[in-house]
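A.B. asks: This is the structure, below, for whatever I ask next.
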Amino acid sequence: MVTYIVRRLVTAVLILLGASFLVYLLTAASGDPLAELRANPSPNKTQLIQQRTELLHLNVPAPLRYFIWLKGAAGCLIPFANSCDLGTNLQGQPVTEQLGLAMVQTLSLVTVATLLAILIGVTLGIITALRQYSALDYGVTFMAFLFFSLPIFWAAVLLKEYGAIGFNNFLRDAVVPIPVTIVLALVFGLIAMAVSTGAWKRRWMVFGITAAATAIILQLLSVTGWFTNPGLGIVVIAITAVGVAFGITTLSAGLKNKKALYSALITAGIGVVLYFPIQPLLAAATPLMIVLLAIAAIAVGIAVGYFMGGYDRGQNIRSAALTAFLVGALIMADRFMQSWPEYFNNSKIRGRPIPTIGASTPNFDGDFWTSSLDRMTHLLLPTIALILISIASYTRYSRGSMLEIMNMDFIRTARAKGLSERTVVMRHAFRNALIPLATIVAFDIGGLIGGAVITERVFSFSGMGSMFAQGLLSVDPNPVMGFFVVVGITALVFNLLADLVYSALDPRVKVKS
Amino acid sequence: MRFARISKAVGVAAVAALALSACASTTGGNSSTSSAGGQAGGSATVVEVNGFSSFNTNTANGNSDINSKIDYATHSGFNYIDNKLNVVKNEKFGKYEKISDNPLTVKYTINDGVKWSDGAPVTANDLILQWATFSGFYNDSKLNDKGDIASGTTYFQYAGDTSGLGLTEFPEIGDNGQSVTLKYSKPFADWEIAFGSLVDIPSHVMATKSGFKDADALTAFLKALPKGNPEAPVTASPELQKVADLWNAGFDTKTMPTDPALALSNGAFMVKSMDPEQSMTLVKNPDYNWGPAASLDSITVRYISDPAAQIAALKNGEADIIAPQASADTVSQLKALESQGVTVEQDAQLAYDHLDLNFSGVFADANVREAFMKATPRQDILDKIIKPLDDKAKVLDSQIFIPAQAGYENSAKNNGSSAFDKVDIDGAKKLLNGATPTVRIMYNKDNPNRADAYTLIAASATKAGFNIVDGGLGKSDWSKALGNGTYDATIFGWTSPGVGVSSVPQLFKSGAESNFSGFSNPDADKLMEELIVTTDKSKQDEINTKIDKLIWDSKYGAPLFQSVGVDAYSDKITGVKYMPNQTGVWWNFWEWSAK
């Protein structure tokens, strides 16, 4: 095992050296950093050319210049020596500093998107696998491929036009017109119909009920001015919390396990009861407090599950803890909605809350809730854009892997020995289906830091992607190399991790030392 | 037992609640200070392409468009340039007057009451520091053939031209340290814009940060230091090197400096906050009364590189003023916003494309050059490339002036360019007299405008009997090929400085560095020698008009068109005016006001 890791690390270093040399040469050959100065009529042209030549060591041939860069970069390997020198960009800013700023921007942009894409993608994949060849399966497959093949710059522009500009215009006078209501009702009805099973008569009924409900809710919301003054209120929270308790129990323990169901319901009840008492505390929230509250909620769930007793406390605890977490999230969402009017009317927002660019409103000055809302509204569109294109691969992979598992002998054995379908799916199939996904997820998390060149540019995030693109455009090798070093190292490390994780998850695979 | 459990649980919960309230935010859910930006003066959001990177825009590293714009908004000086490219004096800041023409002597006096945002007055010390950095007085470096410094030291990495102020000796300080007098060893045409336009680096900060007692001590030190002599380099002065290091790199930052002294203002606005690569915020300088008074209270600058994203931000109300790179797409998208109250302005920029013919090879014969110019479809090129962006655009008719300058009209009328207004294939054929010269045209293939211009010229010239060879090179190679003799004609662009004449000899004097086509005319040379020592604006225009005519008469080639700039602003803002030079819309930021 150790020899295996060492061997992999040694190869990784060699790969990095070779690849960085190639990238350096390619970047150096991609253009002439002096072009703009050569076509400059100012009298001090020579002086400017000399200054830039000196800055970028242009009088040294590119293959040798690489070693100048490598010498500085090698300093990064000495810990605590502060000798890390990845060069400077054309503005004289150290690349190390530039990388720090860019990484923060990139991570803030892509982390949530990647996590959501994994969550939604895997869920959809599993569901479609369980309903293979159903309308839902075809529908999801179609949508997945459609979004996958959308060029992101185009999708992003559409999102801006309708998701931001159009939606903000709508908010000026937040009434959903009748035609839009009808269309939305039909869409939701169709989705519900696709998800539902059974005879056609029943499915048409589902369609009708969902469509009618959607239409009524939309009109109600628009009449009551909900869009400008949103909120859930204790009643909606209570109903949803009960629903969550049932849903979570169904998945984690099965409704037959009364102890688990009651634990979940009690937790939900505690959450609803706490709704009013906790409001003053929430009004003074800080990020740390929210984390502590989340931990406290889970702890309450665990306690309730534990004290409920029964033959399988683990199931109680899981159901109750998950319910507690989700009910907590519900109360949070409600609190965010309470802050919405204040955010909406802020002078910096000017009643147009969904922005098209950047990570936050400059000089936005608000409490925890409004400033979090500000960050969320900024991340909304880029996150949707990123999810739309990356969801496809997760859906397809998890669907395929789930289908393969569901046809295996041990699933048939599990069914034959009388296990409920829930246990078969959740315990036996689902876990095994996730093993091959571990590799892909590890890769994608490694790729996170590389950023998203186009999304960053369209939404004006100056992350790693735009640092790379900008460096390449201005034939500035140092930022490109800085980018490459970071991305290359993470890719290699996560590649190694993926292999190790795989062998840990799947005992059939052994790393050969 | 059960009771004990419950009470324990309650106890734990109580402790937890206490712990949670302990970490509550102290500001305690107060509503945001929502009216902060919405007072009388109001605010505006301006979009820029690049991120701010330095408070010293005079260095080679810091000399970027955005740094200069912020520098302009946060500092003041003796003059500024308006959008008609005139130098406008700011007498509230101080006075400068030409005391004598020969030797050229200029006296700069700063008014009392002009001060930095830390309260220190702006004095002659600040001007001396600027002189020391802009003149290259102390440099004794010599370059070798490869462009490396062979001997001596270059202290200040000044991005501008040191040759003008290099003609002066250490300035004389007077009026209780409020004035300096510069004496030039020979007249210098661009004296007015070479010094004092913006006084942007505070001497007292430089002094204390590089180990001097105060600004006076720094000035005394500079005064005692001898002029550098490249022929006899001496060991670098460690004290001056320290000052230079601070000047060269100490002001480079992407975040608000922890030491506010590095971000001092003496202009209408002060930098309040910076968010690296995202935005920066300027607020009004409360003390400022030594220049045009600004109407806005604050200006937010946001960096957006993508033109389409800039337009979407304007449309969504996130930006008030944008100036995206002009393209047919950008312009049509902006025009579509006019119904929403957006005002769009397009006009010519200082950059212009031109066709240059070598004075050697096939073009050694003036008749062949003239024939080629006659066959060049200048109007067609304009119609195809520029008209879609700006339907008022006209063909550029001068090698020296641009239409925004006062001297253009007169010069364009008389320089003989009218002979080449229309394509004259027959005239060209007559001049060629049956010959079919082979012409290799070099241009940047990766620039669509240049490639289009090439295609049109090649098609037209072929009709006249020329044998055109496509010598287009990729973007990384074309500029290296300039002047290396591998082509006969070239299409590329220059940027007119707008103000000042120093670049004229740079382009057209015999053997000058940027004279790639080998143009040489003794009369023009003589005129250019006169030009660079002429300090009077109207006389400069007169000489330039003569040079322009000489260039056209020698069939140098033809200017084609100016590139188009565009800016747009929302109906929340008034007072924005188009500006062709690098300052862009910022040139009259004090006139911007919020509705």
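Read-outs: derived from the displayed coordinates by stated rules, not from any lab. All values derive from a computational prediction rather than experimental measurement. Cβ coordinates were reconstructed from backbone atoms using ideal geometry, including for glycine residues, and neighbour counts include every protein chain displayed.
A.B. asks: Between B:Lys480 and A:Ser393, take the C-beta separation as r, use R0 = 25 Å, and let me know the FRET efficiency to the nearest 0.05.
C.D. replies: Plugging the Cβ-Cβ distance into 1/(1 + (r/R0)^6) gives 0.05.
A.B. asks: Additional query: What number comes out for the charge environment of B:Thr255, summing +1 per Lys or Arg and -1 per Asp or Glu over other residues with Cβ under 15 Å away?
C.D. replies: Summing Lys/Arg as +1 and Asp/Glu as -1 gives -3.
A.B. asks: So what are the ³J(HN,Hα) numbers for region B:89-106, from phi and the Karplus equation (6.51, -1.76, 1.60; θ = phi - 60°), rounded to whole Hz, Gly and Pro as x?
C.D. replies: 7, 10, 6, 6, 7, x, 10, 9, 9, 7, 7, 8, 8, 9, x, 4, 10, 10
A.B. asks: What is the calculated FRET efficiency for A:Val493 to B:Ser100, with r their C-beta to C-beta distance and R₀ = 56 Å, to the nearest 0.05?
C.D. replies: Computed FRET efficiency for A:Val493 and B:Ser100 comes out at 0.20.
A.B. asks: Tell me the angle of helix A:287-308 to the major Cα principal axis of chain A, expressed in degrees between 0 and 90 and rounded to the nearest ten.
C.D. replies: Helix A:287-308 and the main axis of chain A meet at about 40 degrees.
A.B. asks: Still on this structure, please answer the following. Of all trypsin sites (Lys or Arg not before Pro) in region B:346-417, which ones are in loop regions per DSSP and have a Cβ with at most 12 other Cβ atoms within 10 Å?
C.D. replies: On the way: sites: B:Arg369, B:Lys374, B:Arg378, B:Lys384, B:Lys392, B:Lys394, B:Lys413; in loops: B:Lys392, B:Lys394.
The qualifying sites are B:Lys392.
A.B. asks: Quick one: if you stick a label point 7 Å off each Cα along the C-beta vector at A:Arg202 and A:Leu184, how many nm between them?
C.D. replies: Here the modelled spin labels are 3.0 nm apart.
A.B. asks: Please go through region B:91-200 and write out the GluC sites (Glu not before Pro) that DSSP classes as loop and that have at most 14 other C-beta atoms within 10 Å.
C.D. replies: Hits after loop and neighbour filter: B:Glu91, B:Glu169.
A.B. asks: Quick one: longest stretch of chain A between exposed loop chymotrypsin sites (Phe, Trp or Tyr not before Pro), exposed meaning at most 13 other C-beta atoms within 10 Å and loop per DSSP?
C.D. replies: A:312-513
A.B. asks: Given a Förster distance of 56 Å, report the FRET efficiency between A:Arg422 and A:His57 from their Cβ-Cβ distance, rounded to the nearest 0.05.
C.D. replies: 0.30
A.B. asks: What lysines sit close enough to A:Lys256 to cross-link, taking a C-alpha to C-alpha distance under 27 Å and skipping anything fewer than 8 places away on the same chain?
C.D. replies: A:Lys417
A.B. asks: Net charge near A:Thr249: determine it from the other residues with C-beta under 14 Å of the C-beta of A:Thr249, scoring Lys and Arg +1 and Asp and Glu -1.
C.D. replies: Residues near A:Thr249 contribute +4 overall.
A.B. asks: Using only Cα atoms, find the angle between the long axis of helix B:448-463 and the longest principal axis of chain B, and express it within 0 to 90 degrees, rounded to the nearest 10.
C.D. replies: The angle comes out at about 10 degrees.
A.B. asks: Follow-up question, since we're still on this one. Among the aspartates and glutamates, which fall within straight-line cross-link reach of B:Lys577, defined as a Cα-Cα distance under 17 Å, with same-chain neighbours fewer than 8 residues apart omitted?
C.D. replies: Filter leaves B:Glu48, B:Asp82, B:Asp320, B:Glu338, B:Glu345, B:Asp347, B:Asp390, B:Asp567, B:Glu591.
A.B. asks: Still on this structure: Kindly flag which residue pairs out of B:Lys509/B:Lys539; B:Lys422/B:Lys526; A:Lys45/B:Lys475; B:Lys413/B:Lys445 have an alpha-carbon separation exceeding 27 Å in this structure.
C.D. replies: B:Lys422/B:Lys526; B:Lys413/B:Lys445
A.B. asks: Please go through region B:421-467 and write out the trypsin sites (Lys or Arg not before Pro) that DSSP classes as loop and that have at most 15 other C-beta atoms within 10 Å.
C.D. replies: Values: sites: B:Lys422, B:Lys429, B:Lys430, B:Arg440, B:Lys445, B:Arg450, B:Lys463; in loops: B:Lys422, B:Lys445.
Sparse-neighbourhood loop trypsin sites (Lys or Arg not before Pro): B:Lys422.
A.B. asks: Measure off 7 Å from each Cα along the Cα-to-Cβ vector at B:Thr436 and A:Asn82, then give the distance between these two points in nanometres to one decimal.
C.D. replies: So the label points at B:Thr436 and A:Asn82 sit 7.3 nm apart.
A.B. asks: Hey, another quick one. How many angstrom lie between the Cα centre of region A:312-383 and the Cα centre of region B:144-211?
C.D. replies: Region A:312-383 and region B:144-211 have Cα centres spaced 55 Å from each other.
A.B. asks: To make sure I understand the rule: partners must be aspartates and glutamates, Cα under 19 Å from the Cα of B:Lys115, and not fewer than 8 residues away in the same chain. Which ones qualify?
C.D. replies: Hits, sequence-local ones excluded: B:Asp71, B:Glu91, B:Asp126, B:Asp175, B:Asp200, B:Asp214, B:Asp216, B:Asp259, B:Asp287.
A.B. asks: Between A:Leu150 and B:Asn289, how many nm apart are label points set 7 Å from Cα along the C-beta direction?
C.D. replies: About 5.8 nm separates the two model spin labels.
A.B. asks: In addition: Relative to the longest principal axis of the C-alpha atoms of chain A, give the angle of the C-alpha long axis of helix A:313-344, reported between 0 and 90° and rounded to the nearest 10°.
C.D. replies: Once rounded, one gets 70 degrees.
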